[in-house]
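A short worksheet on the structure shown next.
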Ligand SMILES: [Zn+2]
């Protein structure tokens, strides 16, 4: 059980940062060094329910968010989960494949070979190193906005809805990729710590596998003020 935990589970303050992008969003990232990989059998949603295998806690929040979006007139096909959990082992394969591709492309173009260090530095702009992707946790969800690409994705009505409402459900954007949202509400570290403790001790944990209650958010006017103060 404890072998699935990497690093320490320590509470983190909300870093609001500077509001960015057309919707003035705050980015907040799930750190795989904090959560590590989930315990497959219990923490991830079964493949029959969602092939992308999100973390159960994020999945239940996502479903409530989709229900709210449907009620708000959003075409929720854009919000379906396309890709979620990705193992460190799979990321290692992807990383090696892309690295080889990059090396070969330089060779084919007659360019001088790069040092491994420089090759990796270029690669990191596009691909997370194994062990460093938020997708390892199951809390990062790539939505069906993905095929729209970054520009169209940001202009879509579904994204505009997410920009206003996703935070209420615990989801935060990764600004370069409008399809990529991470579930990381305050208290998640404590919730996951307790969940794993109970699972390891064989204690019932079902209520911890549901998302916590709705997170109170500041009224829009108050949020705008925070943005202007550039905290
Ligand atoms: Zn992603």
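Here are some notes:
- Residue list for segment 116-142, filter: in contact with a helix residue (DSSP H, G or I) (Cβ under 9 Å, 6 or more places away or on another chain), over 28 Å from residue 183 (Cα atoms) and surrounded by fewer than 10 Cβ atoms within 10 Å (Cβ to Cβ): none
- Answer from 131, 202, 138 - the residue that is under 16 Å from the mean Cα position of the chain (by Cα) and at pLDDT below 95: 131
- Identity of the residue in segment 155-178, more than 10 Å from the chain's Cα centre (by Cα), outside any helix (DSSP H, G or I) and within 16 Å of residue 20 (Cα to Cα), that ends up nearest to the ligand (Cβ to nearest atom): 177
- Scope segment 89-111; condition in contact (Cβ under 8 Å) with a residue 24 or more places away in the chain and either surrounded by 18 or more Cβ atoms within 10 Å (Cβ to Cβ) or more than 21 Å from residue 137 (Cα to Cα) (or both); matching residues: 91, 95, 98, 99
- Test for residue 147: is it surrounded by fewer than 17 Cβ atoms within 10 Å (Cβ to Cβ) and modelled with pLDDT of 95 or more: yes
- Checked against (1) within 16 Å of the ligand (Cβ to nearest atom); (2) at pLDDT below 95; (3) in contact with a helix residue (DSSP H, G or I) (Cβ under 8 Å, 6 or more places away or on another chain), residue 184 passes all but condition (3).
- Test for residue 187: is it closer than 23 Å to residue 43 by Cβ and surrounded by fewer than 17 Cβ atoms within 10 Å (Cβ to Cβ): yes
- Unmet requirement for residue 127, which otherwise passes all of (1) within 19 Å of residue 173 (Cβ to Cβ); (2) within 15 Å of the ligand (Cβ to nearest atom); (3) out of contact with any strand residue (DSSP E or B) (no Cβ under 7 Å at 6 or more places or on another chain): (1)
- Some residue of segment 55-66 being assigned to a helix (DSSP H, G or I), within 15 Å of the ligand (Cβ to nearest atom) and either touching a residue at least 60 places away in the same chain (Cβ under 8 Å) or surrounded by fewer than 13 Cβ atoms within 10 Å (Cβ to Cβ) (or both): yes
- Residue tally, condition modelled with pLDDT of 85 or more and either within 18 Å of the chain's Cα centre (by Cα) or in a loop (DSSP other than H, G, I, E, B) (or both), over segment 1-42: 10
The values are calculated or read from the model by the stated rules, or taken from the named source; none is laboratory data. None of the values given here were measured: they were computed from a predicted structure. Glycine gets a Cβ as well: all are built from the backbone with ideal geometry, and neighbour counts include every protein chain shown.
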